[in-house]
1. Per-residue accessible area for Ile200 at 1.4 Å probe radius, Å² rounded to 10?
2. So between Thr139 and Ala64, what do we pick up on full extension, going 0.36 nm a residue minus the alpha carbon distance?
3. Cα convex hull of the chain: how many Å³ per residue?
4. Please give the per residue accessible area of the chain, computed with a probe of 1.4 Å over protein heavy atoms only, in Å².
5. In the neighborhood of Thr96, defined by Cβ-to-Cβ distances under 12 Å, what is the net charge if each Lys or Arg adds +1 and each Asp or Glu adds -1?
6. Using 0.36 nm times the number of residues separating Thr190 and Ser277, minus their current alpha carbon distance, what extension gain do you get?
7. Once you have the Cα-Cα distance between Glu270 and Asp198, take 0.36 nm times their residue separation minus that, and quote the gain in nm to one decimal.
8. Would you work out the Kirkwood radius for the range 195-266? I mean one over the mean of 1/r across all pairs of different Cα atoms, in Å.
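The values are calculated or read from the model by the stated rules, or taken from the named source; none is laboratory data. Because the structure is a prediction, the values reported are computed rather than measured. Every residue, glycine as well, gets a Cβ built from its backbone with ideal geometry; the counts of neighbours run over all protein chains shown. Remember, those area values only see protein heavy atoms, side chains included, never the ligands or the DNA or RNA. Shrake-Rupley method; radii C 1.70, N 1.55, O 1.52, S 1.80 Å.
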Amino acid sequence: AKNLTGTTYLHYEAGMAANGSEHAHLGAELREAITGDQLFLVYQPIVSLDDGRIMGSEALVRWAHPTRGTLAPDSFIPVAERTGLIVPLGRWVIRTAFAQLAAWIAEHGEAAPGVLNVNVSARDLREPGFADGVAALLTEHHLTADRIVLEITETMALEPGQSVVNLHRLRALGLRVSLDDFGTGHSTLTLLHDCPIDEIKLDRSFTQAEIDGRPPVSAAVIHLAQALGLHAVAEGVETAEQAEQLLSLGYIAAQGYYFARPMPADKFSELLHEDRSL
Ligand code: C2E
Ligand code: CA
Ligand code: CA
Ligand code: CA
């Protein structure tokens with residue numbers, strides 16, 4: 001596998017996050033960032049485990065902070081959630097990701113870029129107009145719904161009321177829903193029973209546990225997925241051994257540094273020009 005980008009991202013120091021005024025300041029800066037072109041998306045390929053073919057990508061947000069360098073989402077998504085800025089941020093992410101997918105399709109043809117996975121926050125899912133907003137953006141960019149996978153986490157999917165209404169509506173439109181960080185929540189089986197989903201993403205802690213000789217949660221998860229007719233993707237694959245083990249367990253698709261790190265849109269486009277496999 002090629003190591004495609006060597007970029008490192010700065011994180012805010014832990015002490016800073018605990019500081020209230022620093023948080024308020026960051027919130028004000030984030031508001032500017034959303035309207036002022038400081039956010040950008042990187043894309044991490046999702047590949048077929050048996051031949052390395054690119055099946056799609058996941059969009060991941062970054063903040064080109066004017067003085068602090070490029071910030072990773074873990075340092076500002078929590079602030080966005082607390083301040084309500086996650087709603088305009090989420091809208092920006094979906095709009096930008098859909099426009100990018102449309103551009104790749106125009107450049108490389110209908111099939112080449114595969115599906116696009118987009119992370120959705122709990123707050124997004126609670127917005128009454130969320131599903132309709134997504135549908136409008138699909139139409140605007142001439143995209144069919146089956147090109148999009150929305151990644152949600154377990155706690156979100158369990159929220160009764162509007163969240164479940166939105167999930168059903170999105171799936172009725174033809175979008176797929178993926179359960180992110182699968183296995184790290186507390187009510188996994190209840191959720192699988194109650195909630196409309198299409199795919200589960202094995203959390204990287206389980207992907208990476210295999211080499212330590214711990215009990216193979218990844219084996220149990222693939223059996224569960226197969227029994228329920230769900231697509232399973234393993235995230236955080238860093239070594240050839242992990243990739244081989246997942247393939248032998250029956251996983252079809254995976255994502256991780258072993259195949260490629262998240263990269264700018266033009267780099268992903270270059271990959272689509274090349275052999276389209278990693
Ligand atoms: P996630 O959705 O679980 O995303 C996977 C994270 O794992 C990404 O970190 C990715 O860069 C990293 N990763 C990928 N492969 C490997 C690997 O092989 N090894 C290791 N150690 N890490 C790997 P990133 O981009 O920093 O994102 C962190 C989290 O921020 C995401 O976790 C997601 O929960 C959240 N996030 C990212 N973009 C968005 C967004 O647009 N909207 C929302 N609401 N949340 C986002
Ligand atoms: Ca994700
Ligand atoms: Ca994940
Ligand atoms: Ca994660």
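1. Number for this one is 0 Å².
2. In short, 24.0 nm is gained.
3. 138 Å³
4. Here the per-residue accessible area is 46 Å².
5. It works out to a net charge of +2.
6. This chain segment gains 27.6 nm when fully extended.
7. Working: separation 72, 0.36 × 72 = 25.92 nm, distance 2.97 nm.
Separation in residues times 0.36 nm, less the Cα-Cα distance, equals 22.9 nm.
8. Hydrodynamic radius (Kirkwood, Cα only) of the range 195-266 equals 12.6 Å.
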